[in-house]
Each structure stands twice: as structure tokens, then as C-alpha cells.
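Take a look at the structure set out below.
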Amino acid sequence: MYDETQRPDPGPHGPLAGFTVGVTAARRAEELGALLQRRGAVVLHAPALRIVPLADDGELLAATKELIDQVPDVVVATTAIGFRGWIEAADGWGLGEHLLGRLRGVELLARGPKVKGAIRAAGLTEKWSPSSESMAEVLDRLLEEGVEGRRIAVQLHGEPLPGFVEALREGGAEVVPVPVYRWMPPEDSGPLDRLLDAAVSRGLDALTFTSAPAAASLLSRAEERGLLSELLTALSHDVLPACVGPVTAVPLQARGIDTIQPERFRLGPLVQLLCQELPGRARVLPIAGHRVEIRGHAVLVDGDLKPVPPAGMSLLRALSRRPGWVVARADLLRALPGAGRDEHAVETAMARLRTALGAPKLIQTVVKRGYRLALDPAADAKYADA
């Protein structure tokens, strides 16, 4: 588990080197974290929720008995882990064979290939599965077939299905929800609070979401702490929100937050999308004959990765907002995190920044005025009004 910031192994930097990515997933967090780390990212993980199986929950037991007693016309399986959990819970109650017998006689729809695998592992065969792995396509098929008077069971996995159940009921169907898991807040909110603080303070470059409940839980916790407005501002401007798919993005979009999503709703494509997007957001400047790329917590100088302390990154960002222009020490002092009134803090942080960059001439001292980036003369015109 990624309970704290994990630094990638030393070696050639990957496309995400110098960036910090937050992971809110409860399931498959290690897999997502490993994918990000292999590409050079620093990973900060905090589960935004926990998944509670309902093997002892009366709601799932009641739904299972109801479907055994009154056979549905259609069963929609939405997730592999949820479908397997349902069959395992039924086995534990001594109802496994009865449930499988009923499912063999119905129109069984699988949302995607992993669900198909779970269905076939249970000795069943799905009638149809959408190529898009989209619940919207499942809904379109059902409505085209006609749902008036049909009894449709929908296996849930703790996630909301916006409009899905409502559309079926409006079409005249009787819908039986089958809740296999329940989402709950994390038992320890400490890691989630640290992730929130990192997002609000711009200590993250991107924040990933793999389920709608995780996104909703993070927003809810931010609201409880009085940080919702600050979080929304961060996600709108500086911290890139990346969702595995459109359903996951719903709670964020409801708050006016635009997200990026891969074309295929998988962890691999999500990471590949970050590999494209984050480097494209980095500031690249020609300074003192060098190519300088300013990333989240590090700088590429002519392709060499230079980790920079947080104070140094704050100074560098302040200088890069107006490249080539002198920035006064007082303005740089205000940019330093937690700085007081002593401008000596700027000199100390600046010395460390120059050491970290390994090229002291990148930043010039302008006596009695402040500091400036030594922007190459050819770039002066381009950045004159920056």
C-alpha cells in the first residue's frame, strides 16, 4: 500500500519524472502506483473510501432470495469482483446453486470482458456484452429491446449508475438492485487529509480517480474541513484531475471541474494519458544557453533531472512567471512557503536552488533589486509581455 510519498528508484527518468501524482483508489492502488512509479512519478496514496462486503448484509440476502423466488427476465452484471462476491455470498448462505440455476435461465448481460470472465468462471454464459464496456450502451440495448413489464436485476458495486436505473423504470421496467458491496469512508482519515492538504497547497501535479464514490468522498471530506472551495480552485487550475472514465468523473463535473479521461477505461491508458498531459503542462524556457523544463518538484536542465527543494521550486516558479524580468526580494519572500519577514530566507533558498540546478548562471542577481532568469536574448521578444 502507498501510505506515504513513494519515490521512484534512481535511474533514467521517465515521462512522469519530476511530477507528484495523487492516488485515491481503494482497490488496485498498488497496481496504479507501480505503473506511475515505473514512469518516474512520485506517488502519494490515500484511499478516499473503503469497500465493505455485504456477505452478512440483510439487503443483499433479501435481494438474492427475491430473485430466486421471482425469476427476473434480465440480469445486468457490472463488475467482475461484484459478480464473484455475489456468488460467493450466496454460496455462504447455502443459496449458491439455487441462484446459479436461476441465472442460467435469464438474459445475462455483462458490462465488459472482465465481467464475462467472472460469469463464465461461475459456469454461466452471457448473452451479450458491449464493445465499449459502457453502461450507456447496455442501457441503449435494453431500451431498444423494450423494457415495459420486464423484471431487470442490476448487480451494483457500490457505485452510482447515474440515470441507468431511472431510465429503466421510466421505460416501464421493474428494477431489482443487487448491492454486493457498500462504500464507506476510510477508517483513518489522516492519509486522506494529507492528500487534501497536498492538493490545496499545489504539492500535487495530478490527482487520479478510479471510481465515482472516491471522487465524491474526497469532495465530501474537503467540505467537512472547510477546504472545498480551495480544492475546487486547485483542480480547476493547477492540479490535473484524471478519471478512469466518464462515470467516475460525474461528482467532479457536478462541481464544474473538467477532467481528463482515457478512451479505454483502464488503468494503463489512464497512466499513458498522464504521461502525455503532464509533460505538456511543464514550462520550458531557454535560459543561459540551456533548455530548462520546470516540472512539479524537479527541473530538467538539458534533459538531466534535477530534484529541487519545495522552497526552491516556489522561487523558480515566481521567476518563471515573468522570465527575464527582475523579481524583487520582497515578492520572492511572499512566494516562499511559510516564510516570515526576513529577506535573508530568500538568499538562503536561492543558494540552494542554484546548487540543485547545477548551473548557477541560470539565475542572475541584480544588485539592490532582486533576481532574474537569464533568458536567452533570442527569447526576449517572445517573453517581453509574459
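The values are calculated or read from the model by the stated rules, or taken from the named source; none is laboratory data. Predicted model, so just to flag it, every value in this text is computed and none were measured. Please note: Cβ atoms are built from the backbone with ideal geometry, for glycine as well, and neighbour counts cover all protein chains shown. These accessible areas exclude ligands, DNA and RNA; they are computed on the full protein's heavy atoms, side chains included. Shrake-Rupley method; radii C 1.70, N 1.55, O 1.52, S 1.80 Å.
Here are the numbers:
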quantity: Any chance Arg295 is charged (D, E, K, R), in contact with a Phe, Trp or Tyr (Cβ under 9 Å, 6 or more places away or on another chain) and under 21 Å from Leu195 (Cα atoms); calculated: yes
quantity: Residue count for segment 142-186, restricted to those that are over 22 Å from Ile87 (Cβ atoms) and open to solvent by 60 Å² or more (accessible area, probe 1.4 Å); calculated: 13
quantity: Subset of segment 299-345 (residues that are under 35 Å from the mean Cα position of the chain (by Cα), among the aliphatic types (A, V, I, L, M) and farther than 17 Å from Ala359 by Cβ); calculated: Ala311, Ala318, Leu332, Leu333, Ala335, Leu336, Ala339
quantity: Residue check, Arg291 in contact with a Pro (Cβ under 6 Å, 6 or more places away or on another chain), open to solvent by 40 Å² or more (accessible area, probe 1.4 Å) and either over 30 Å from Arg111 (Cα atoms) or of a type in the set (D, E, K, R) (or both); calculated: no
quantity: Residue among Leu273, Leu219, Leu207, Leu228 that is surrounded by 23 or more Cβ atoms within 10 Å (Cβ to Cβ) and modelled with pLDDT of 95 or more; calculated: Leu207
quantity: Selection from segment 57-100 of residues that are under 17 Å from Trp183 (Cβ atoms) and of a type outside the set (Gly, Ala, Ser); calculated: Asp57, Glu59, Leu60, Thr78, Thr79, Ile81, Trp86
quantity: Filter result for the condition that a residue is crowded, with 19+ Cβ neighbours inside 10 Å and under 22 Å from Asp205 (Cα atoms), over Leu333, Leu316; calculated: Leu316
quantity: Strands (runs of 3 or more DSSP E) wholly inside segment 14-117 containing at least 2 residues that are open to solvent by less than 50 Å² (accessible area, probe 1.4 Å) and either in contact with a Ser or Thr (Cβ under 8 Å, 6 or more places away or on another chain) or polar (S, T, N, Q) (or both); calculated: 20-23, 42-45, 107-110
quantity: Close pairs from segment 58-72: first of a type in the set (Ser, Thr, Tyr), partner open to solvent by less than 50 Å² (accessible area, probe 1.4 Å), Cβ under 8 Å, at least 6 apart; calculated: Thr64/Trp86; Thr64/Ala89; Thr64/Ala90; Thr64/Leu95; Thr64/Leu99; Thr64/Val178
quantity: Sole exception among (1) open to solvent by 10 Å² or more (accessible area, probe 1.4 Å); (2) under 14 Å from Gln155 (Cα atoms) for Ser129, by number; calculated: (2)
quantity: Check on Ala153, more than 30 Å from Gly22 (Cα to Cα), in contact with a helix residue (DSSP H, G or I) (Cβ under 6 Å, 6 or more places away or on another chain) and in a helix (DSSP H, G or I); calculated: no
